[in-house]
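K.L.:
Next up is a structure, given as structure tokens.
Read-outs: derived from the displayed coordinates by stated rules, not from any lab. These numbers were taken from a predicted model, which means no experiment stands behind them. Cβ coordinates were reconstructed from backbone atoms using ideal geometry, including for glycine residues, and neighbour counts include every protein chain displayed.
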Amino acid sequence: MLFSRKATLIDKATALPGRPQPIATADTHFVSGRPLKGPYPAGMRSIVFALGCYWGAERRFWQVPGVWVTAVGNAGGFTPNPTYEEVCSGATGHAEAVLVVFDPGQTSLEALLKVFWESHDPTQGMRQGNDVGSQYRSAAYWTEPGDEAAVRASAQIYQRALAAKGHGPVTTELAQAGPFYFAEAYHQQYLAKNPAGYCGLGGTGVSCPVGSGVAA
């Protein structure tokens, strides 16, 4: 019963109520020292990705040249300002997510989408490897309306690349970003603080041709 509930996306009517005040989090990024919540420099852009446990996912993106700051949190659900325990219950509707703030003069949305698709298996539904639950689902949430076309096109391109290698359909949720709720301080840049910590990140081994000029 617990497995079934956690692996099913709930609706707003049955979600936990949450709280009006934000969960306490870190002020600055543990690796770069930059402000986690901003203000961010003028011209920076952002996107929110979910690809399983956010510890390893965040590390993957803070290593990308041109990424200004990253943060882990919860997105795509209904419960305002949830705790980690609430998200893990499957009763918030949120996915464990990574906010990626980047400098478009140094990297591109397409480059980040390529990292996103290649860093996990987007065909697994409400799980990622041995991590099972709606909070581990794959998702890409654009923050600017003009980015929707690029996000959706990348999903179609990667779907064709995956199908050519015998993989099933992409189950990734694609949507306009709603509120991003920053996770507790100890989750932020967790693998920089705990280098031997758990990382469930793993891709399909299929290259994503997004941004390469090659249509799969």
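K.L.:
To the nearest 20 Debye, how big is the dipole of the chain about its Cα centre, given +1 on the beta carbon of each Lys and Arg and -1 on that of each Asp and Glu? Walk me through the intermediate numbers first.
P.N.:
On the way: 16 positive and 16 negative charges, 45 e Å.
That gives a dipole near 220 debye.
K.L.:
Between 43, 76, 56, where does the largest GNM mean-square fluctuation fall for the chain, given springs only between Cα atoms within less than 10 Å?
P.N.:
Taking springs between Cα atoms under 10 Å, the residue moving most is 43.
K.L.:
Give the residue from 42, 178, 126 lying farthest towards the positive end of the charge dipole for the chain; charges sit on Cβ (+1 for Lys and Arg, -1 for Asp and Glu) and the dipole is referred to the Cα centre.
P.N.:
Comparing the listed Cα positions along the dipole, 126 ranks first.
K.L.:
When only Cα pairs under 8 Å and 6 or more residues apart are kept, what is the percent relative contact order across the chain?
P.N.:
Details: 471 pairs, mean separation 64.4, N = 216.
Reported as a whole number, the value is 30 percent.
K.L.:
Going Cα to Cα from residue 193, which aspartates and glutamates come in below 20 Å? Please leave out same-chain ones fewer than 8 positions away.
P.N.:
Cross-link targets: 27, 58, 96, 184.
K.L.:
Using the Cα gyration tensor of region 1-109, with a ≥ b ≥ c the square roots of its eigenvalues, what is the shape: rounded (a/c below 1.5), prolate (a/b larger than b/c) or oblate (neither)? Intermediate values should be presented prior to the final figure.
P.N.:
Working: a/c = 2.37, a/b = 1.91, b/c = 1.24.
Judged from the Cα gyration tensor, region 1-109 comes out prolate (a/c at least 1.5, a/b above b/c).
K.L.:
How long is the gain from residue 130 to residue 171 if the chain were fully straight, where each residue apart is worth 0.36 nm and the alpha carbon distance is subtracted?
P.N.:
Values: separation 41, 0.36 × 41 = 14.76 nm, distance 1.68 nm.
So the chain would gain 13.1 nm between residue 130 and residue 171.
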